[in-house]
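Below: the structure, in structure tokens.
The values are calculated or read from the model by the stated rules, or taken from the named source; none is laboratory data. A quick note: this is a predicted structure, and the numbers were derived from the prediction, not measured. Neighbour counts run over all protein chains shown; Cβ positions are idealised from the backbone, glycine included. To get the accessible areas, we keep the full protein, side chains included, count just its heavy atoms, and leave off ligands, DNA and RNA. Shrake-Rupley method; radii C 1.70, N 1.55, O 1.52, S 1.80 Å.
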Amino acid sequence: SDGSIRLHQMTSEYPLMQWNDSTKGQPVIALQWALTRPAVFFALDASSNVYIWDLLENDLLPVAKQNIPSEKVVTMTLLGEPEKANGLLGIVLAKESGEIDIQYVKKKWALP
């Protein structure tokens with residue numbers, strides 16, 4: 001609820017990494033690891049900002065941030081085929097009106 005993100009290992013109650021105020025204090029409402037690239041995850045905050053984290057490129061800050069200005073996004077999920085090396089990875093955004101928006105991610109964040 002405070003915008004912090006914590007990375008845990010299943011065998012410990014303490015986080016391996018913690019990013020405080022990663023969304024400028026906005027609550028994180030969805031977070032998901034990329035299906036095709038293990039070091040990448042996506043976070044959606046309550047202000048409809050999508051953050052892309054690539055831990056191999058930068059483990060301190062997100063590598064990209066995209067605001068979805070048209071309407072409030074209430075949740076997100078990812079789609080892709082991890083067993084294929086084609087690098088297709090999409091973000092499915094569900095908006096408050098019920099509209100679904102699918103956006104494809106740049107290959108540099110999607111390729112295995």
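A search for C-beta distances below 9 Å between a residue of the stretch 45-67 that is β-branched (Val, Ile, Thr) and any residue that is open to solvent by less than 50 Å² (accessible area, probe 1.4 Å) and assigned to a loop (DSSP other than H, G, I, E, B), counting only pairs 6+ apart in sequence or on different chains, returns Val50/Ile68; Ile52/Ala34; Ile52/Pro62; Ile52/Val63; Ile52/Val105.
Among what's in the stretch 1-18 and is in contact (Cβ under 8 Å) with a residue 12 or more places away in the chain and either acidic (Asp, Glu) or out of contact with any Leu (no Cβ under 8 Å at 6 or more places or on another chain) (or both), pick the residue that is nearest to Ala85 (Cα to Cα). Taking the candidates together, the pick is Arg6.
Quick one: is Ala34 exposed (fewer than 15 other Cβ atoms within 10 Å of the Cβ), small (Gly, Ala, Ser) and closer than 19 Å to Trp109 by Cβ?
no
Looking only at residues in the stretch 45-63 that are of a type in the set (A, V, I, L, M, F, W, C) and in contact with a helix residue (DSSP H, G or I) (Cβ under 9 Å, 6 or more places away or on another chain), which one is most open to solvent (accessible area, probe 1.4 Å)? Break it down stepwise before answering.
Our first condition is that a residue be of a type in the set (A, V, I, L, M, F, W, C); within the stretch 45-63, this holds for 46, 50, 52-53, 55-56, 60-61, 63.
Checking the rest, the ones that are also in contact with a helix residue (DSSP H, G or I) (Cβ under 9 Å, 6 or more places away or on another chain) come to 52, 63.
Working: Ile52: 20, Val63: 40 Å².
The selected residue is Val63.
How about the stretch 64-112: which strands (runs of 3 or more DSSP E) wholly inside it have at least 1 residues that are out of contact with any helix residue (DSSP H, G or I) (no Cβ under 8 Å at 6 or more places or on another chain) and polar (S, T, N, Q)?
Working: elements: 64-67, 73-80, 89-95, 100-104.
In the stretch 64-112, the matching strands (runs of 3 or more DSSP E) lie at 64-67, 73-80, 100-104.
Taking the stretch 85-99 as the range and being in contact (Cβ under 8 Å) with a residue 40 or more places away in the chain and open to solvent by 60 Å² or more (accessible area, probe 1.4 Å) as the test, only Leu88 passes. Considering the stretch 3-31, the residues that are open to solvent by 30 Å² or more (accessible area, probe 1.4 Å) and in contact with a Gly (Cβ under 6 Å, 6 or more places away or on another chain) include one that is farthest from Asn67 (Cα to Cα), namely Asp21.
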